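The values are calculated or read from the model by the stated rules, or taken from the named source; none is laboratory data. The structure displayed is predicted, hence computed values, not measured ones. All Cβ positions, glycine included, derive from the backbone under ideal geometry; neighbour counts span all protein chains shown. Surface areas here come from the heavy atoms of the whole protein model, side chains and all, with no ligands, DNA or RNA. Shrake-Rupley method; radii C 1.70, N 1.55, O 1.52, S 1.80 Å.
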Amino acid sequence: MIEIMRKNESLIEDIKPNRKIGSLSFYDQAQIMLITTKYRKKPYHYNQILSFELLEDEASIIKGGVTHGVMSTSTWSDDVDVVMKTSSSRITSVCTSLKIKITFRNIPQTTEYISFQETERSKNSILYKEAFRSAQDTLSALQASVDMVNTASAQTVLQNPSGADEIMKYKSLLDAGIITEKEFQAKKAQILGL
């Protein structure tokens, strides 16, 4: 694990981030996200992102990542006032904590928190709305990073067909009379490694 982190750090020394949002820097070319805190810089590869969620006063209001698919559009309103935490059948108009929890697929599993607000503020205040918009921008960047890995994985699968797919392709050539039975059997043996 330490060797991977050193490799990730050396990769990002030579390139500039594509996006920088608060304490996160995204290096799409290397597919690395760098979390910078007061005490450290910690790189993670995009494929290590398992899930992420926006927590408002410790309650999850938006989820995304590999395990959650597309984020809920109902909470992505431009009108921040729509997203209010209900507690004991009462709607609160203040927020004390606004942060993103990112869970990475490591052993042991790692969780990072990115804080946007740590003091009580009215949800109508400009400071809260700015913090919420920054959190939304960060969620979008995280989802784009996960999507980038998923797209690359899908392209790899399409470019590298399975042995069964290859055999089916040659079987259809045999059925069409383009190749002989002997040629089909030779290709099949080659694909199966016989």
Residues whose placed amide H lies under 5 Å from that of Gln117, excluding near-sequence neighbours: Leu98
Computed accessible area, Phe116, all protein chains, 1.4 angstrom probe, square angstrom: 50 Å²
Residues with amide H under 5 Å from that of Lys123, placed H, sequence gap 5 or more: Val94, Cys95
Per-pair calculated FRET efficiency, R0 = 41 Å: Ser162 and Gln109 via Cβ, rounded to 0.05: 0.85
Most to least accessible of Val149, Val94 (protein chains only, probe 1.4 Å): Val94, Val149
Probe 1.4 Å, all protein chains present, accessible-area order of Met168, Met148, largest first: Met168, Met148
Area accessible to solvent at Ile49, 1.4 Å probe radius, in Å²: 0 Å²
Approximate spin-label separation Ser93-Arg133, in nm, with each point projected 7 Å along Cα-to-Cβ: 2.2 nm
